[in-house]
Amino acid sequence: MEKETINDSTNALTPEGFTGLKLKKPAAKAVGMPAITSAMKHAFKWMDAGDAVKVMFKVNQKGGFDCPSCAWADPDGERSHLGEYCENGMKAIAEEATNRHLTAEFFKKHSIQELSSWSDYQIGKSGRLTEPMILRGSHYEPISWSDAFATIASHLTALRNPNEAIFYTSGRTSNEAAFLYQLFIRQFGTNNMPDCSNMCHESSGKGLMNTVGIGKGSVTLEDFYKADLVMVIGQNPGTNHPRMLSALEKCKENGGKIIAVNPLPEAGLLHYINPQSVGKMITGGIPLADLFLQVKINGDIALLKAIMFLLLEKEKNIGGVFDWDFIKSKTEGFDAFLEDLKQADFQQLVRLSGVPETQILQAADMICARKNMIICWAMGLTQHKNAVGNVQEIVNLLLLRGSIGREGAGTCPVRGHSNVQGDRTMGIWEAPKEAFLDSLKKVFDFEPPRQHGYDTVAAIQAMHNRKASVFFALGGNFLSATPDTEFTAEALRRCDLTVHVSTKLNRSHLVHGKTVLILPCLGRTDIDRQASGEQFVSCENSMGVVHSSRGVLEPCSPYLKSEVAIICELAQAVLGQKSRVKWAELVKNYDLIRDLIEKTIEGFNDYNKRIRQPEGFYLPNGSRVQDFKTVTGKANFTINKPAEWSLKKGEYMMMTIRSHDQFNTTIYGLDDRYRGIFNERRVILMNEKDMTTEGVKMGDVVDLVGEYNGVTREAKRFIVVPFDIPQGDVATYFPEANTLIPIDSFADVSHTPTSKSVVITLRRSMSQ
Ligand SMILES: Nc1nc2c(c(=O)[nH]1)N[C@H]1C(S)=C(S)[C@@H](COP(=O)(O)OP(=O)(O)OC[C@H]3O[C@@H](n4cnc5c(=O)[nH]c(N)nc54)[C@H](O)[C@@H]3O)O[C@H]1N2
Ligand SMILES: Nc1nc2c(c(=O)[nH]1)N[C@H]1C(S)=C(S)[C@@H](COP(=O)(O)OP(=O)(O)OC[C@H]3O[C@@H](n4cnc5c(=O)[nH]c(N)nc54)[C@H](O)[C@@H]3O)O[C@H]1N2
Ligand SMILES: [Mo]
């Protein structure tokens, strides 16, 4: 195959300028006073003071709005006058409720070429979108809502086949909007519904569905308080789910232990000071992880297998380790699993995991001594080639101990976007279940398309090879969130129409099809007024609790529409008389939408009544009660091979991670405080020994080069920073390093891009 080189700096999609790196010692503790100060700083810098105070009293508070940051659950029954919130939640709110607004003047002043040269930080900080815009020549100009809908409708109805359109969803979309969106798309005639979940917890969904019969976690928040042991694998809660730290703290106060598994000694995993408890802030908080296993990138299956190998030894020698009653009555596939485990080469597993043998012994001892175990995980496990295997291996360990569907025990994939789980429940899925489609057919009396649609990777490929020509995004920042930035950019450029329903300007608005529209919408914090009065929406958190969210701030512009309104008006413009759904009525009163959801989806009985309960309600979850809805009717043991790869001299395994000052592609600030990295994002974290071998010093500037399937990809100008990371592993931030993630490198089964295992080499940069 002929070698192709892409990503030359002439068309860089991420500006490569430096902002001025400063380094400090990484923090030993998470949260505490600096976190509160940082939260306040963000709130008061970007918001009006009155608004800042108002949101602080209403975030995650009963009757208030759901924090748009992460999907961690809210504690019940222990509310103070302040809802539980965190530093990064406040940053997310300040980002949305900013007092800067983008008017027509702004777009007149700045051409799309000029905006493209801005950093993501600058683009984001420019403010909230205030009216619908269309690109004319080199500048965005205002367009009326009705003309915008007519433009989209003319493109969609002119397609030869509905499968030439792609409808993306990001995980902030409410249940009500998501349900109507998928209904519109299926009435239009396609299942092309890629979503952010495809890049996120799809591997968890697939792995869990296959083993325990439901693609969601089994635990509740209360289970954390009762667990004897919590393993946190491949997750950085201090930054990405800070409210989870108070649950871990409670677990410890009740006598529980914590094992952390991560290539990086993340501050939030090791030590925590609760910012909402003055007493604890004075006393300096508590150590969190009792055992930290510094696994090599993608060494997790090897580690888990090595632990289970030791459990097997103990079972043989002293017994009482495996939960035989559970295994016999509730599981399938144990014999084959055991046979495979017996064959394992323990020393080889230790080597592949990168964790010292003594620590693996310690972990096995800790597990044996404790009955009820929860395992939590996030992107550190789901974004590898063998990601589904990673999740299944976790399930194996829990099944051996009968540690699922019991108090204080079970699976906990910690979700990202605040309603990503709810969107899936509402049917945002390119591969819907037949039963779901049957239900839609029955309730709405139409024939939904049965052919599965494109997921995120397939959608990019379809646009690239011109099988799809209309791209519509309900939220998100498709260009920057997806892999292989240059390839994806080209895919978007080949479209006839690209449309984004957004709250803020982002890079996906700047790399576009022939026609491009931005439709500005209300965010979580905004009051949503419709004909019947103020509306609220609902979201499902990581633990399967559905609860309401009601905005509290005056919208920044009279031209914003709610996502629900946008979908209803779009559906009328596109489907016209072909749809019998009363779109115009639904937008007036969201209770009517919830009635339709109740009719269509299991678990939403008395939706309108139960959603008004302050604490919301739980959705049914078989794995929570040991009712495993798999093909076998039992929980399945599986055999998963440890990842094995060999790096040639000069090659490194790169993971792309989040800094403390970002929410996915939204850059709140330029610091990664806990890791001690300030005022710079174009950095590569490296082990000092590797730096010596490589002949680079702290502060040197290198280009990153990846070769995959005959294609060379480059990302230029990253500053080398020594860090406590296993040899052979390096870390960069996303989205800057996304140009290096090959479009054709994704997880088996789930197709999640391998954002946490990318093989690269370094080259001294010509431009220092
Ligand atoms: N403030 C803030 N909150 C967020 C987000 C945000 O960007 N900012 N994003 C939201 C979203 S959508 C999501 S999905 C979640 C993401 O939450 P996380 O999954 O915590 O986010 P990442 O930064 O991707 O970090 C993954 C962690 O896995 C570790 N890791 C990487 N590779 C491996 C591996 O092979 N094995 C193991 N054991 N560990 C590994 C990394 O060192 C890092 O600590 O957070 C959500 N919450
Ligand atoms: N290399 C690498 N790539 C990754 C990851 C990684 O770890 N490494 N993580 C992946 C993961 S886990 C995820 S979830 C994806 C995230 O992918 P996305 O969800 O597509 O990206 P976000 O950055 O969360 O989207 C931010 C944009 O959403 C819009 N927005 C914010 N709030 C609202 C709202 O209420 N309504 C609407 N309509 N729009 C809104 C704003 O315009 C903002 O610019 O990225 C993935 N990409
Ligand atoms: Mo995510």
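Given an 8 Å cut-off on Cα distances and at least 6 residues of separation, report the relative contact order of the chain as a percent.
Relative contact order comes out at 22 percent.
Kirkwood Rh, Cα Rg: Rg to Rh for the chain?
Expressed as Rg/Rh, it is 0.94.
Taking Cα centroids, how far is the stretch 346-411 from the stretch 560-637 in Å?
A separation of 34 Å, based on Cα centres.
Can you check what the net charge comes to around THR103, using other residues whose Cβ is under 11 Å from the Cβ of THR103 (Lys, Arg +1; Asp, Glu -1)?
So the surrounding residues net to +2.
Sort HIS512, HIS110 from largest to smallest accessible area, using a 1.4 Å probe on the heavy atoms of the protein chains.
HIS512, HIS110
What FRET efficiency comes out for ARG529 versus ARG160 if R0 is 35 angstrom and r is the Cβ-Cβ distance? Round to the nearest 0.05.
Computed FRET efficiency for ARG529 and ARG160: 0.30.
Of the options VAL212, THR98, PRO726, report the single residue whose Cα projects farthest towards the positive end of the charge dipole of the chain (beta-carbon charges: Lys, Arg +1; Asp, Glu -1).
Positive-end residue among those listed: THR98.
Label point 7 Å out from SER117 along Cα-to-Cβ: which residues of the stretch 693-729 have amide N under 20 Å?
716-717
Per residue, how much accessible area does the stretch 202-413 have with a 1.4 Å probe, in Å²?
30
Amide H neighbours of GLN662 under 5 Å, counting only residues 5+ apart in sequence or on other chains, H built in-plane at 1.01 Å?
Here the answer is TYR668, since their amide H atoms fall under 5 Å of that of GLN662.
Of CYS67, VAL701, ALA165, which is farthest along the charge dipole of the chain in the positive direction, counting Lys and Arg as +1 and Asp and Glu as -1 at C-beta?
The residue sitting farthest along the positive end of the dipole is CYS67.
Any number yet on Rg/Rh for the stretch 458-530, C-alpha, Kirkwood?
1.03
When only C-alpha pairs under 8 Å and at least 6 residues apart count, what is the relative contact order of the stretch 202-413, in percent?
Once normalised by length, the contact order is 32 percent.
Which value, in Å² rounded to 10, gives the accessible area of LEU596 with a 1.4 Å probe and all protein chains present?
30
Give the residue list of trypsin sites (Lys or Arg not before Pro) in the stretch 591-695 that are DSSP loop and have at most 15 other beta-carbon atoms within 10 angstrom.
Listed in order of number, the matching sites are ARG612, LYS629, LYS648, LYS649.
Between the alpha-carbon centers of the stretch 286-312 and the stretch 503-542, tell me the distance in whole angstrom.
First find each Cα centre; the distance between them is then 41 Å.
Which of VAL395, LEU381, LEU269 sits farthest toward the positive end of the charge dipole of the stretch 202-413, with +1 on the Cβ of Lys and Arg and -1 on the Cβ of Asp and Glu?
Farthest along the dipole direction, towards plus: LEU269.
Starting from the Cα of ALA435, step 7 Å along the direction of its Cβ; do the same at LYS62; then give the gap between the two resulting points in nm.
3.3
For the chain, give the magnitude of the charge dipole about the Cα centre (Cβ charges: +1 Lys/Arg, -1 Asp/Glu; no others), in debye to the nearest 20.
Dipole about the Cα centre, nearest 20: 580 debye.
Mind checking the stretch 308-412 for GluC sites (Glu not before Pro) that DSSP puts in a loop (not H, G, I, E or B) and that have at most 15 other Cβ atoms within 10 Å?
The qualifying sites are GLU407.
For a 28 Å ceiling on Cα separation, which of these pairs sit above it: LYS385/LYS514; LYS467/LYS599; LYS25/LYS756; LYS296/LYS342; LYS54/LYS588; LYS441/LYS514?
Checking Cα-Cα distances, LYS385/LYS514; LYS467/LYS599; LYS441/LYS514 exceed 28 Å.
Using a 1.4 Å probe on the protein chains only, how many percent of the accessible area of the chain belongs to carbon and sulfur?
52
With a 4.7 Å Cβ cut-off, tell me which Cys residues in the chain come up empty for a partner.
Among the cysteines of the chain, those whose Cβ sits 4.7 Å or more from every other are CYS67, CYS70, CYS86, CYS196, CYS200, CYS251, CYS368, CYS495, CYS521, CYS539, CYS556, CYS568.
Quick one: net charge around GLY380, please, counting Lys, Arg +1 and Asp, Glu -1 for every other residue with C-beta under 13 Å from its C-beta.
Result for the local shell: 0.
Taking the Cα centre of each part, how many Å lie between the stretch 714-768 and the stretch 143-194?
34
Under 8 Å for C-alpha pairs, at least 6 residues apart: give me the relative contact order for the stretch 361-417, rounded to a whole percent.
In percent, rounded to a whole number, it is 46.
The values are calculated or read from the model by the stated rules, or taken from the named source; none is laboratory data. What you are looking at is a predicted structure, and each value in this text was computed from that prediction instead of being measured. Note that we place each Cβ from the backbone using ideal geometry, even for glycine, and neighbour counts take in every protein chain shown. To get the accessible areas, we keep the full protein, side chains included, count just its heavy atoms, and leave off ligands, DNA and RNA. Shrake-Rupley method; radii C 1.70, N 1.55, O 1.52, S 1.80 Å.
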